[in-house]
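Colleague: One structure is given below, represented as structure tokens, and several questions about it will come after.
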Amino acid sequence: MARNDHFSKFAATYATHRPTYPDELFTEIARLAPATEHAWDCATGTGQAAVSLAQHFDRVTATDAGAGMIEQAEPHPRINYAVGSAEDPPLKDNSVDLVTVAMALHWFDRDAFWQTCQRVLRANGILAYWGYLLPKISPAVDAVVKHYHDETIAPFWPPDRTPLMNLYAEVQPPAPRVLEQEFEMTARWRLANLVGMLDSWSATHRAREQTGHDPIPAVAGLLSVVWEHDQSDMPVCWPLKLHAFRFNC
């Protein structure tokens, strides 16, 4: 498995159960870019952000360190998927207007990644990255999810993940900031969707591999008790924060 390939072994689960980002996020990012010819979606996963970028950019290069993730990526005529790292992508110098990173900046060698952004971005190009925290559904459901995240599988989260926990507030690229904005992802989910999201977390799979015990059935049982059975699905929201910086200006 490649360095920072945390998800290839369960890429299909990841593709099915991760939430999608709001359209307004990509409209704002495209507005900031100096042009809309070429965007690079770094650490694309299975293409959740890349597909939305393709609605605004003529072409999108979407890379991920995990071959398994690229194999599960959603095809799109404007997207070229490739296996590649954040630090050494298959991109020419001064070739992209925008670099995006969705929920993955914490995995990178950031000093090397900043240098890559300076290399591949055109004049006044934009680096935009974002992260989101735990879903908000109901007090009872949220408490179970938080306990699972903070206690049950806590020993199995990689230490690299720390910057995500404050939504990258302390990360500072060597470029002027042009935007810091809060968004909200929303969905209507059934219980199975939420359980699937928990199963898509890298710590869940690391716990399963290292202990020989599957933590999902127990948390699914607890959630089934507190889920509101009088409706087939429930509204879900995730707080999301976008950071954008202008390079080579």
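Colleague: Any residue at all in segment 188-208 that's free of Cβ contacts under 8 Å to residues at least 40 places away in the same chain, more than 30 Å from Thr27 (Cα to Cα) and surrounded by fewer than 17 Cβ atoms within 10 Å (Cβ to Cβ)?
Modeller: Looking for residues that are free of Cβ contacts under 8 Å to residues at least 40 places away in the same chain, more than 30 Å from Thr27 (Cα to Cα) and surrounded by fewer than 17 Cβ atoms within 10 Å (Cβ to Cβ), one finds at least one in segment 188-208, hence yes.
Colleague: Another question, if that's okay. Can you find a residue that is more than 21 Å from Phe183 (Cα to Cα) and touching a Pro at 6+ places or on another chain (Cβ under 8 Å) anywhere in segment 131-140?
Modeller: No, the conditions are met nowhere in segment 131-140.
Colleague: Continuing with the same structure: Would you point out the residue of segment 139-176, among those that are more than 28 Å from Phe245 (Cα to Cα) and part of a loop (DSSP other than H, G, I, E, B), that is modelled with the highest pLDDT?
Modeller: My answer is Ile153.
Colleague: Can you say whether Thr27 is out of contact with any strand residue (DSSP E or B) (no Cβ under 7 Å at 6 or more places or on another chain), buried (at least 24 other Cβ atoms within 10 Å of the Cβ) and without any contact (Cβ under 8 Å) to a residue 40 or more places away in the chain, as far as the supplied structure shows?
Modeller: In short, no.
Colleague: Can you say whether Ala82 is more than 18 Å from Glu28 (Cβ to Cβ), surrounded by fewer than 21 Cβ atoms within 10 Å (Cβ to Cβ) and at pLDDT below 95, as far as the supplied structure shows?
Modeller: Judged against the criteria, Ala82 is not a match.
Colleague: Which of the residues that make up segment 30-69 are in contact (Cβ under 8 Å) with a residue 40 or more places away in the chain and over 17 Å from the mean Cα position of the chain (by Cα)?
Modeller: Ala30, Leu32, Ala33, Pro34, Ala35, Thr36, Glu37, His38, Phe57
The values are calculated or read from the model by the stated rules, or taken from the named source; none is laboratory data. Computed from a predicted structure; not experimentally measured. Note: ideal-geometry Cβ built from the backbone for every residue, glycine included; neighbour counts use all protein chains shown.
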